[in-house]
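Undergrad: Take this structure first; my questions come after.
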Amino acid sequence: MTTLQGRVALITGASRGIGAATARTLAGAGAQVALASRSGANPGIDGAFAQACDVRDAASLEAMVAATVARFGHLDILVVNAGVGAYGPFLDLPMEDLEEMIDVNVKGALYAVRAALPHLLRSDAADLVTIASEAGRRGLPYEATYCASKFAQVGMTRALDHELRERGVRCTSVCPGGVATDFAMGHGRTPEMPQLAGMMSADDVAEIVLFVLTRPRNHRLLEVALRPVTETSWG
Ligand SMILES: NC(=O)c1ccc[n+]([C@@H]2O[C@H](COP(=O)([O-])OP(=O)(O)OC[C@H]3O[C@@H](n4cnc5c(N)ncnc54)[C@H](OP(=O)(O)O)[C@@H]3O)[C@@H](O)[C@H]2O)c1
């Protein structure tokens with residue numbers, strides 16, 4: 001399969017940043033796209049279905065998936081992308097930021113899969129793509145809680161690969177380094193910090209997601225790690 005014609009993709013966190021770029025790219029490749037975010041905003045994608053959905057709320061995700069299937073008839077692709085980040089010395093991190101990272105990045109990912117999986121299992125070409133992070137592959141300084149949440153996403157996706165591979169659902173973690181979005185500034189980052197220089201674009205990540213989804217179905221990519229050339233491969 002070289003295009004996404006006939007496939008339906010649900011992307012969480014699709015109102016801006018990597019999620020919006022991914023939705024635009026998948027729609028450009030022929031997919032019908034459903035866009036979930038708290039605002040419910042459509043970033044200008046013709047024919048897309050957008051609905052307000054807070055991934056911290058399992059019922060909100062169930063409603064999003066049901067509305068997507070009602071609109072398009074089926075669901076073949078889930079991109080778990082909605083995420084938040086806050087950085088700084090561990091003890092300085094406000095408890096609300098700790099809770100939000102776990103609620104959005106960990107519980108939100110699990111809730112999204114729970115809601116979408118019954119439909120993915122009915123598809124003859126199903127994919128789960130989790131937008132995790134380099135922070136899901138290695139410990140990064142001043143990012144303990146964010147790393148914990150991203151390791152959780154990678155762990156979930158790896159485990160689901162074992163469970164779902166023979167049932168026709170491919171599971172892939174995409175692990176970017178710095179991407180120039182609103183998120184990249186996060187809480188606790190300032191423009192002069194070295195990790196903000198020379199970042200990738202949201203479209204760079206979207207192209208990787210499209211590559212993952214358009215591999216022939218005799219194989220799958222388990223994990224794709226990408227980093228800007230300005231970032232080291234350690235630390
Ligand atoms: N930017 C980077 O450097 C980078 C690097 C590696 C990995 N990532 C990962 O990539 C993903 C996307 O990040 P981004 O850089 O594109 O961030 P972004 O520009 O801040 O966009 C985040 C998206 O998530 C949505 N969102 C936030 N909380 C939500 C919630 N509770 N329920 C539903 N949607 C929610 C936001 O929409 P609303 O505000 O409308 O809800 C928005 O669409 C995240 O998982 C992030 O961890 C980012």
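All of the numbers you see were taken from the coordinates with simple rules; none came from a lab. For clarity, every value in this text was computed on a predicted model and none was experimentally measured. Here the Cβ is made from the backbone with ideal geometry for all residues, glycine too, and neighbour counts use every protein chain on show.
Undergrad: By DSSP, what percent of the beta bridges with both residues in region 1-133 are antiparallel, rounded to the nearest 5?
TA: Given both bridge residues lie in region 1-133, the antiparallel proportion sits at roughly 0 percent.
Undergrad: A further question follows. Nearest 20 debye, what's the magnitude of the dipole of the chain about its Cα centre given +1 on Lys and Arg Cβ and -1 on Asp and Glu Cβ? Before the final figure, lay out each step's value.
TA: On the way: 21 positive and 25 negative charges, 157 e Å.
Dipole of the chain, to the nearest 20 debye: 760 debye.
Undergrad: Let me check I've understood the local charge: for F151, count other residues with C-beta under 10 angstrom from its C-beta, Lys and Arg +1, Asp and Glu -1. What total comes out?
TA: Charge balance in the 10 Å sphere: +3.
Undergrad: Taking amide hydrogens as modeled 1.01 Å from N in the peptide plane, which residues meet the under 5 Å criterion relative to A225, leaving out close sequence neighbours?
TA: Amide H to amide H, under 5 Å and 5 or more residues apart or across chains, A225 pairs with C175.
Undergrad: Something else: Go through region 89-101 residue by residue and turn each phi into a ³J(HN,Hα) via Karplus (6.51, -1.76, 1.60, θ = phi - 60°); whole Hz please, and just put x for glycine and proline.
TA: x, 3, 6, 8, 6, x, 4, 5, 5, 4, 5, 5, 4
Undergrad: Report, in whole Å, the centroid distance computed from the Cα atoms of region 18-85 and region 116-171.
TA: With region 18-85 and region 116-171 each reduced to a Cα centre, they are spaced 17 Å.
Undergrad: Can you list residues from other chains, or at least 5 along the same chain, whose modelled amide H is less than 5 Å from the amide H of C171?
TA: Under 5 Å from the amide H of C171 lie the amide H atoms of L128, each far enough along the sequence or on another chain.
Undergrad: Can you work out D for the chain in µm² s⁻¹ from Stokes-Einstein, where Rh is the Kirkwood radius over C-alpha pairs, the temperature is 37 °C and the viscosity is 0.692 mPa s?
TA: The Stokes-Einstein estimate is 187 µm²/s.
Undergrad: Net charge near A31: determine it from the other residues with C-beta under 10 Å of the C-beta of A31, scoring Lys and Arg +1 and Asp and Glu -1.
TA: Overall, the nearby charge balance is 0.
Undergrad: Using +1 on the beta carbon of Lys and Arg, -1 on that of Asp and Glu, and nothing else charged, what's the dipole of region 8-111 about the Cα centre, debye to 20?
TA: For region 8-111, the charge dipole is close to 460 debye.
Undergrad: Among bridges DSSP assigns within region 76-235, what percent are antiparallel (round to 5)?
TA: Taking every DSSP beta bridge with both residues in region 76-235, the antiparallel ones total about 0 percent.
Undergrad: Karplus couplings for region 125-137 from phi (6.51 cos²θ - 1.76 cosθ + 1.60, θ = phi - 60°), rounded to Hz, Gly and Pro as x?
TA: 8, 9, 9, 10, 10, 9, 7, 8, 4, 4, 5, x, 10
Undergrad: How large is the helix-only mean residue ellipticity at 222 nm for the chain, computed as the sum of -39500 (n - 2.57) over DSSP H runs with n ≥ 4, divided by its residue count, in deg cm²/dmol to the nearest 500?
TA: Counting only the DSSP helices, I get -11000 deg cm²/dmol.
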